[in-house]
Amino acid sequence: MPVTKVVMPKLSEQMESGKIIKWLKKEGDRVQSGDILAEVETDKADVEMEAFGSGVLRKILVAAGNKAPVGSLIGVIAEENDDIGAVVAQAGSGAPAAAASEAKAPSGAKPGMADRPAAVPPQPKSEDPAARKPSPSTGSESPGSRRVQDAVAAASVPQPSGDGGRVKASPLARKIAAQSGVDLKLIQGSGPGGRIVRRDVEAASTAPAAAAVAAAPALRPVAQPAAAGAEYEDLPLSPMRSAIARRMPLSKAPVPHFYVTSEVAMDRAWELREELNGLEGQPKISVNDFIIRACALTLLQHPGVNASFQGESIRVFHRVHMGIAVALEEGLITPVLRDVHAKPLAQIAVEARDLAERARQRKLRTQELSGATFSISNLGMFDVRDFSAIINPPEGAILAVGSVRRVPVVSDEGLGVGRRMALTISCDHRVMDGAMGARFLQDVKKLLEEPLRLLV
Amino acid sequence: MAVMTYREALNLALREELTRDPNVFVIGEEVGLYEGAYKVTQGLLKEFGPKRIVDTPIAESGFTGVGIGAAMVGLRPVVEMMTFNFALLALDQIVNSAAKLHYMSGGQYNVPLVIRGPGGPAHQLAAQHSQSMEVYFYHVPGLKVVRPSTPMDAKGLLKAAIRDDNPVIFIESETLYNVKGEVPEDPDFVIPLGQAVVRREGTDVTVVAYMGMMYRAMEAAEELAKDGISVEIVDPRSLQPLDTATIIGSVRKTHRAVVVEAGAGFAGMGSEIATEITEEAFDDLDAPVLRVTGAQAPMPYARNLERAKTPTKEKIADAIRRVCYANGSR
């Protein structure tokens, strides 16, 4: 059996390192390819890490509770009699450094072809002649030990850095990746100098999903209680908090925001919602579900708002993927409800609730955390009149939703009481202008004020 | 179809065109009585007489000028260079007169001239007689440049060159004169200038090569087929005009390319074709285009050094493996 290196997988675009929450297998345990080896905490979610080889988990190099940079060696799977000395020795100096510092990936532990991150098991397509070629043999070693040597040799080849550096990929690989939706940042290149070439993208696009959803309840970092009488305490940043801290200035500073606020009469929507929720066997529908549906329909009419600034061009999306901000104790996460323009209200209600619940349990799949074309942030449950949200790039706009409040309203009949809700859209001025945002908001308001339109 | 040598195919093309058009004549050193230094004009003096087959003194600039003048007033001269290296002596006539007279006379004159003879590396002809002379000509606007690799191409392309109203540089090879192949005997068989041909179909890599390099690339392709690498070979045949559409079409299929040329690589045909591919098919490339060229050095006389200077089957095969990321070292 070949020796399989277990490396820290790259589970999201921003992920630079991951923390082992716990190992589900211990040294000496027999594992099958596909078994869950460990739980890893990333900046967005806790995910389970699969084994991509079978054998015995011979060595754990990064203990639970420690961090390791993406791509670094954290364990070795091999048969009892395989010599794993070379692999472990080669990672030897790297592993402790990995645990101590996530800033720099140890050079000795970078993955080569035989030890891609778990997200991308090596699966060269059989029609690729290069892949069919056997690796040159130097003696009479078993295939297993030869593979280890290859891996060691490959480790000395310079690899693209995972720290936001330029991804080296052939033009064809880039084209295929764009067509098949493969993220080049998640792939290890097998070409010269770590260049990603066609066979790497094709292997990645046929690979199984990166990580399954955790079945066990997720663990959360526990803050140490402050010592009595201390003037202050420094709380360590959770991965999620540091991701937010890193990303938000990337939006607010370079993206010129402008804001448009409108007030929506929610009386009829409120009544309709109560009526719908009174029906037996129907899923419970929230005010936010109405807003999601209204925005999705309106975005189809206003594609300029469902758009993203791309430097040299504006990308207008023909589908609506809705980011729904979910507040968590330690931060905020925005799972994505896909193709929401094509979904009826009841389906939106079910799927949005599922996403929010799983977000709170930190059980989201990585693919549910990116790709939104527009986002909604609702603080209505906190008795908020109105607020403005920060755009989540590369999206072009975000809608901030306040509480539905009972307020005095003036009508032709005189003074009365009505339900009102403030909507504030934050727009990227590079993509759209004030009037565009205002017209969008007007149409959202119209749908919410004539809510039967949301049912047809 | 008849099987004949490259030399016989050229001879047949000349005979057919001399017969077809009384304005065609052959001029050069030893083309008449001696029947050509490489016997390409064998039998022509006897058949067409001294007015059509003209022996000259050793004076390339002079007889090339005669050819240009004759072309300007309506004849269709075929000027033979004993070897194309000697054309350097006629470079001013070719570059400043033949190539430019049509333009500078405002279209009043055509120069329907063919200059033909062997060029490129052969067997121990040393520094002055082994040069890949096409590079001196395809850079000049107004000249067409042809390099025929097979007997069939030699006949079809020479006839097209003679019938062309522009000056055509037609460079053969000492190493190919005895190569045999099928040649159509039809006197109307002509291969238009500017059409490349796919010599071998493949799926993994496009190799662009002509003349002797094309044959070496074929051998390399045979060898690589055993390793599962499928090589497509494109022979451009004309270098000016260059059939980039066929080359690009092949690269779009294989996603990789190697260009082979016998001469030194700097600013050579490989550079030109690699650039065309990069400009036209960038998003189809899975690897940078590689060149296999002669070394940047004069051709040595010693056989082992001559081999070291020129692209060999092994060098071509190595480049193909590299461009396919199949050389073991990744």
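One residue stands out in the stretch A:322-367 among those that are surrounded by fewer than 21 Cβ atoms within 10 Å (Cβ to Cβ) and under 21 Å from A:VAL182 (Cβ atoms): the one that is modelled with the lowest pLDDT, namely A:GLN367. Of the helices (runs of 4 or more DSSP H) contained entirely in the stretch B:113-184, those carrying at least 3 residues that are in contact with a strand residue (DSSP E or B) (Cβ under 7 Å, 6 or more places away or on another chain) fall at B:134-137, B:151-163. I'd like the full set of residues that are of a type outside the set (Gly, Ala, Ser), assigned to a loop (DSSP other than H, G, I, E, B), under 15 Å from the mean Cα position of the chain (by Cα) and surrounded by fewer than 23 Cβ atoms within 10 Å (Cβ to Cβ), limited to the stretch B:194-217. The one that is of a type outside the set (Gly, Ala, Ser), assigned to a loop (DSSP other than H, G, I, E, B), under 15 Å from the mean Cα position of the chain (by Cα) and surrounded by fewer than 23 Cβ atoms within 10 Å (Cβ to Cβ): B:GLN195. Scanning the stretch B:283-290 turns up one or more residues that are modelled with pLDDT under 95 and either part of a helix (DSSP H, G or I) or farther than 17 Å from A:PRO192 by Cβ (or both). Taking the listed residues B:ALA220, B:ALA245, the one that is in a helix (DSSP H, G or I), more than 12 Å from chain A (Cβ to nearest Cβ), over 30 Å from B:LYS159 (Cβ atoms) and at pLDDT 95 or above is B:ALA220, with no other qualifying. Kindly provide the set of residues from the stretch A:1-28 that are acidic (Asp, Glu) and at pLDDT below 80, ordered by number. Correct list: A:GLU13, A:GLU16.
Total residues in the stretch B:301-328 satisfying the condition of being out of contact with any strand residue (DSSP E or B) (no Cβ under 7 Å at 6 or more places or on another chain), buried (at least 18 other Cβ atoms within 10 Å of the Cβ) and more than 10 Å from chain A (Cβ to nearest Cβ): the figure is 2. The one condition from (1) at pLDDT 90 or above; (2) out of contact with any strand residue (DSSP E or B) (no Cβ under 8 Å at 6 or more places or on another chain) that A:CYS295 does not meet is (2). Restricting the stretch B:223-240 to residues that are surrounded by fewer than 21 Cβ atoms within 10 Å (Cβ to Cβ) and not in a helix (DSSP H, G or I), the residue that is nearest to the other protein chains (Cβ to nearest Cβ) is B:GLY228. Total residues in the stretch A:53-65 satisfying the condition of being outside any strand (DSSP E or B) and touching a strand residue (DSSP E or B) at 6+ places or on another chain (Cβ under 6 Å): the figure is 4.
Yes or no, residue by residue, for (1) in the same structural domain as A:ALA245 (by TED's automatic domain parsing); (2) surrounded by 24 or more Cβ atoms within 10 Å (Cβ to Cβ); (3) more than 25 Å from A:ARG247 (Cα to Cα):
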residue	(1), (2), (3)
A:GLY18	no, yes, no
A:VAL31	no, no, yes
A:VAL40	no, yes, no
A:ARG58	no, no, yes
A:ASN66	no, no, no
A:ASP82	no, no, yes
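Condition test on B:PHE282, is it among the aromatic types (Phe, Trp, Tyr) and either within 14 Å of chain A (Cβ to nearest Cβ) or at positive phi (or both)? Yes. Within the stretch A:354-385, the set of residues being without any contact (Cβ under 8 Å) to a residue 24 or more places away in the chain and assigned to a helix (DSSP H, G or I) comprises A:ASP354, A:GLU357, A:MET381, A:PHE382. Restricting B:ARG52, B:ARG15, B:ARG7 to residues that are of a type in the set (Lys, Arg) and touching a residue at least 60 places away in the same chain (Cβ under 8 Å) narrows the list to B:ARG7. Among the residues of the stretch A:163-195, those identified as part of a loop (DSSP other than H, G, I, E, B), at the interface with chain B (Cβ under 9 Å from one of its Cβ atoms) and more than 21 Å from B:GLU279 (Cα to Cα) are A:SER190, A:GLY191.
Matching residues to (1) assigned to a helix (DSSP H, G or I); (2) in the same structural domain as B:LEU157 (by TED's automatic domain parsing); (3) surrounded by 22 or more Cβ atoms within 10 Å (Cβ to Cβ):
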residue	(1), (2), (3)
B:ARG15	yes, yes, no
B:GLU30	no, yes, no
B:LEU45	yes, yes, no
B:PRO50	no, yes, no
B:VAL54	no, yes, no
B:PHE86	yes, yes, no
B:GLN93	yes, yes, yes
B:GLY107	no, yes, no
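Take the conditions within 16 Å of B:MET213 (Cβ to Cβ) and either modelled with pLDDT of 95 or more or touching a Leu at 6+ places or on another chain (Cβ under 6 Å) (or both) and apply them to B:ILE316. Does it pass? So B:ILE316 passes the test.
Scanning the stretch B:225-250 for residues that are in contact with a helix residue (DSSP H, G or I) (Cβ under 8 Å, 6 or more places away or on another chain) and over 30 Å from B:ASP164 (Cα atoms) gives B:ASP227, B:GLY228, B:ILE229, B:SER230, B:VAL231, B:GLU232.
Considered as a group, the residues in the stretch B:285-297 that are touching a helix residue (DSSP H, G or I) at 6+ places or on another chain (Cβ under 9 Å) and surrounded by fewer than 19 Cβ atoms within 10 Å (Cβ to Cβ) include one that is farthest from the other protein chains (Cβ to nearest Cβ), and that residue is B:ALA297. Scanning the stretch B:248-269 for residues that are among the aliphatic types (A, V, I, L, M), in a strand (DSSP E or B) and away from chain A (no Cβ under 14 Å) yields B:VAL258, B:VAL259, B:VAL260, B:ALA262, B:ALA264.
The values are calculated or read from the model by the stated rules, or taken from the named source; none is laboratory data. A quick note: this is a predicted structure, and the numbers were derived from the prediction, not measured. When we count neighbours, we look across all protein chains shown, and the Cβ atoms used for this are built from the backbone with ideal geometry, even at glycine.
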